[in-house]
1. Quick one: count up the residues across segment A:171-185 that are more than 13 Å from the chain's Cα centre (by Cα) and either within 22 Å of residue A:29 (Cα to Cα) or free of Cβ contacts under 8 Å to residues at least 40 places away in the same chain (or both).
2. Examine segment A:44-57 for a residue that is touching a residue at least 60 places away in the same chain (Cβ under 8 Å), part of a loop (DSSP other than H, G, I, E, B) and within 21 Å of residue A:215 (Cβ to Cβ), and state whether such a residue exists.
3. Quick one: residue B:331 ticks every box in (1) within 34 Å of the chain's Cα centre (by Cα); (2) modelled with pLDDT of 85 or more except a single one, so which number is it?
4. So which residues in segment B:141-172 are under 30 Å from residue A:77 (Cβ atoms) and not in a helix (DSSP H, G or I)?
5. Name the residue, out of B:432, B:419, that is out of contact with any strand residue (DSSP E or B) (no Cβ under 6 Å at 6 or more places or on another chain) and modelled with pLDDT under 90.
6. For segment A:58-82: of the residues being touching a residue at least 60 places away in the same chain (Cβ under 8 Å) and within 14 Å of chain B (Cβ to nearest Cβ), which is farthest from residue A:109 (Cα to Cα)?
7. Here is a list of conditions, (1) part of a loop (DSSP other than H, G, I, E, B); (2) touching a helix residue (DSSP H, G or I) at 6+ places or on another chain (Cβ under 9 Å); (3) at pLDDT below 85, and residue B:138 meets all of them except one; can you say which number that is?
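The values are calculated or read from the model by the stated rules, or taken from the named source; none is laboratory data. Nothing here was measured: the structure is a model prediction, and the numbers come from that model. Because the Cβ atoms are built from the backbone with ideal geometry, glycine has one as well, and the counts that use them run over all protein chains shown.
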């Protein structure tokens, strides 16, 4: 594997996952390279969020190989994966409501990182994040519970960035927020990408995914049914109709 | 009374408050982060005192007077380390179990630690030496005030300040506060929560140990301290508001000062009657708690509790009993009916069976509100006791004939439930549990102190059944009434009322939106449970010929909880199994060894670790696995038939 | 006269006015959508109509009867059904039992303690489940259902008391596009058949534009616009505070429609 010229940041082979007794994922294969924004698409219940949770090690039962930066992490628990540089932004926000904005960021803080080749990774400090999210900068002392849904969404992303992740797993960023906030999210993702961040996002909103991503995987009933660039997906009417139902 | 005497009492109250606060702060911290209601916290307090006694004795011999202060530091640290060990070895295995199961686990720990202390330090009380340098007293407005109390007065606020700084100003504190909200998210952000939990638990144990250690010159170490201090600590934490440290200090102060006032004022003369306020000290904290919870349901400085993120999986829908279960029930009934005939060979069997039957009814009544109702009562013994005392008082004091006394007794308990239930059903979770506990303690203390009617600590004697209900007949009466009650409760659970109760438990929001009056349904269920517990109490008193206040003490309520949890809270047969196993185990272990508590605690721990869903849940799991296996075979059968 | 009349409705939390004097009417047979940015006061308004929150001022009248001050269970008995943003059903009961409970409550049989639930209102419950397309799942525990199906069960329960008004808080949240359209089409059919009215909140613009008869737009607790899809879509203030460029929910106009 190391012989490849540009080793994938994340390589997933044959990922199976269960919720209780029900198997949700069946042999999912995917990869993300450095600097890419990849969308994981599909209908509700297709297994998008389950995939991200399994990658983070948050499911009790999963099987298959997950290699991150060339290292097998399939046996690791969530905090170990996070310390290796996997960042997770959950779909239901989950900000710490009794903690202030600044404290929420502090929880996410991890040491600065360097890529294995020695180059500096994208590292964040609170001032840098307040610049990226001016809203948050104006309310550093406010408890997370007293923010609007859109502001909470931003805070969750910022909190994960504090861990200086090599790869960000972004779960349904557009779900349940106003269109104007969805647009802000899209612009934020494009900004991060411009700075060299790598992102794997799960998304139902085709317009949103087409706007921000380079490549897409389409999931249906826990299996990958399509893999290709956004242009290929846009051209493939059959896949769009069958699995995305516009 | 004199102002100076009152002042001295109030200063004493300040010193008391410090000690109360230290124990409660640790409990609150542990609950906040791990969501475990640590019953063993009082045991850490007790250990703190014992360990301080030994280390101080040893160190004073080596280091002279300075050894006292070193010992006072070493002891809490040792208790903290022990707490860490407990967390790593035991609690880590049960974080994913339902909340009440964790409670059961820590309760078992209380039993084990108590017997271990008995083994190591013996049964005698141990009074520590005076604090060097602070052994004397100072003069305040002409009264002597112990210098050591000044030290105690300072240490409470000091610890409050330090812990507050730790939580508010350090990264560790931020992580701890985040963990109280969402542990899973914390892990996904790269925090190793396992060690965070261990550290919090150790800190909590250390604070409890400190609370015990500083009592060394004032209070002899003894084996009753664990349950007494856990009771006090629960009250303080709940009155202050779960998870609020300033609230805990405020509550400790409030309770200690009110107690001090009661002692200080002595008796008052109102409307020609003499009231002895000092008698109130036994119950004053519970009165305060009841008042606070009724007025402020989340305590003085507490906030409404957010739902815990790791709730237990939903219970499976109830199914009517299958033929198998019906046959088992019938066989058990016939076997129980046959017991008196086997008197020659098993002379003790029907006596034990009588006790088991009463326990079963008690457990079934508690399970009715805990399982289908989701109302966790920590004071169910009150209704058992009201039934027992009700029967005794109706018979002995009001001289009613036995059958009438027996019939009215459950109604006495039902009335109690009607009154207390109205307040209780307005709360939920730990607050509900604590309010039920408060009411049961209030009833207990009334019974304990109202000697003219209840016989005080001696209780009532000579409460025997009518002559025509001689021993075997009374056993059959018990058998029939318990069996009928069990069937009736089952019937209710399957009726609209039982369903409404479960609906209110599953989602009060939805129940309200489809027009169910959630409070009223719960209140009605509370009364039903009270009635059946009262019947169990009445059956109990006539089988023993008397009753003492012990039947409504905290221990009895905890027994009920253990029975229900042991059996499995999600199954209707749970309380039957749990009560039977509990009673037989307790009976046989108690007769076999002096260290029965430790053995019993060990057995409960084992059950908690092996059967995290209770005994009935375990069998249901086995049954499901069997059904799955069996489901594969029938596919072959039709073909074989045809062939 | 309109079915629901909301007049000068307000709610303050501490010093913050979450809802600030809003007016609207809802007529029989109508699907009225309430949209707006997060924190605009939609859920607060909803919870005031449903009785989960008590209004600080103003009035809410259903067919001339005042709802302000009534408890949710009383509002239910006055003919209001509701579904929640996060579907709330009884997890330990089966789909059928959930629906039977709603019927038992409507017929005031909650304190009957002898006859088992099994045989009561079974036919009516099955008929309701048939209407929402869940009859085939009647015997399954609610805890095992897919999320979209739980929402259907919730709808069946909300219909059990023959409501005149149905409140649906983000009815399609967490659903795929196809499921969304199916559920809203079903709702529209029920509204017509049962001569009800529906008030719903929604973030998914395709759902709103496809299914709402009329819409209200809230921002910072105030009603900033009211009207049909066309007038709302082109309302400059609504575009600024809520829609943005429209890029995330509409196909760019230059692309040919399939």
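1. Initially, segment A:171-185 is screened for residues more than 13 Å from the chain's Cα centre (by Cα), giving A:175-184.
Adding the requirement that they be either within 22 Å of residue A:29 (Cα to Cα) or free of Cβ contacts under 8 Å to residues at least 40 places away in the same chain (or both) leaves A:176-184.
Within segment A:171-185, residues that are more than 13 Å from the chain's Cα centre (by Cα) and either within 22 Å of residue A:29 (Cα to Cα) or free of Cβ contacts under 8 Å to residues at least 40 places away in the same chain (or both) number 9.
2. Yes, segment A:44-57 has at least one match.
3. Result: residue B:331 passes all but (1).
4. So in segment B:141-172, the residues under 30 Å from residue A:77 (Cβ atoms) come out as B:163, B:166-172.
Correct list: B:170 only.
5. Values: B:419 fails: modelled with pLDDT under 90.
The conditions single out B:432.
6. First, the residues of segment A:58-82 that are touching a residue at least 60 places away in the same chain (Cβ under 8 Å): A:67-70, A:82.
Then keep just the ones that are within 14 Å of chain B (Cβ to nearest Cβ); that gives A:68, A:82.
Working: A:68: 20, A:82: 11 Å.
It comes out as A:68.
7. (1)
Matching residues to (1) more than 7 Å from chain B (Cβ to nearest Cβ); (2) buried (at least 24 other Cβ atoms within 10 Å of the Cβ); (3) free of Cβ contacts under 8 Å to residues at least 24 places away in the same chain; (4) touching a helix residue (DSSP H, G or I) at 6+ places or on another chain (Cβ under 7 Å):
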position	(1), (2), (3), (4)
C:56	yes, no, no, no
C:102	no, yes, no, yes
C:105	no, yes, no, no
C:121	yes, no, yes, yes
C:125	yes, yes, no, yes
